[in-house]
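Reviewing the structure listed below.
The values are calculated or read from the model by the stated rules, or taken from the named source; none is laboratory data. Owing to the predicted nature of the structure, the values given are computational and were not obtained by experimental measurement. Neighbour counts run over all protein chains shown; Cβ positions are idealised from the backbone, glycine included.
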């Protein structure tokens, strides 16, 4: 049960932030990191990517986290496998950049529509890549074929097709 009062809670698993994190965590479950702490850290990464490590520090109960994050590694090892950690890093590194960079995109695009299209493209691309890596990696590790594996194979095939197909604009460019 979530403590909806705005006061210090002894167990952060009953906090408002945990409630929000649990609501969005299923979105990230196919990527291998479906816990509320990972979901919250991913969202705070939109503010600034360096916030991800500090968010984990706060959620794991550390007052301060060193620049190398040494305090949180043992806790992260309990919440992530090597594959889910790699998927988490891929998603967060390929996903939409921080708010400041999003502002720069808006300035350069000069259009809210194209700004949202660019941010949406980056986010969907990050999700697809992390999904492919985690689902195919899980299949290789466990030899269990699931609906996620099928989705990963279909998406990987689509990406390879888009990369390897003949350029549809090649004639237009050459025939100027």
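Observations
- Which numbered condition residue 135 misses (of (1) under 18 Å from residue 33 (Cα atoms); (2) at pLDDT below 95; (3) surrounded by 11 or more Cβ atoms within 10 Å (Cβ to Cβ)): (2)
- Selection within region 98-108: residues that are part of a helix (DSSP H, G or I) and within 24 Å of the chain's Cα centre (by Cα). The member of this set that is nearest to residue 41 (Cα to Cα) is 99.
Here's the yes/no breakdown for (1) more than 22 Å from residue 35 (Cβ to Cβ); (2) out of contact with any helix residue (DSSP H, G or I) (no Cβ under 9 Å at 6 or more places or on another chain); (3) free of Cβ contacts under 8 Å to residues at least 12 places away in the same chain; (4) surrounded by fewer than 16 Cβ atoms within 10 Å (Cβ to Cβ):
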site: 83; (1), (2), (3), (4): no, no, no, no
site: 88; (1), (2), (3), (4): no, no, no, no
site: 110; (1), (2), (3), (4): yes, yes, yes, yes
site: 113; (1), (2), (3), (4): yes, yes, yes, yes
site: 119; (1), (2), (3), (4): yes, no, no, no
site: 123; (1), (2), (3), (4): no, no, no, yes
site: 126; (1), (2), (3), (4): no, no, no, no
site: 162; (1), (2), (3), (4): yes, yes, yes, yes
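- The set of residues in region 35-73 that are within 19 Å of residue 93 (Cα to Cα), at pLDDT 80 or above and part of a loop (DSSP other than H, G, I, E, B) comprises 35, 45, 46, 47, 48, 49, 50.
- Region 138-148 - residue that is surrounded by 12 or more Cβ atoms within 10 Å (Cβ to Cβ) and under 19 Å from residue 88 (Cβ atoms) and, of those, farthest from the chain's Cα centre (by Cα): 139
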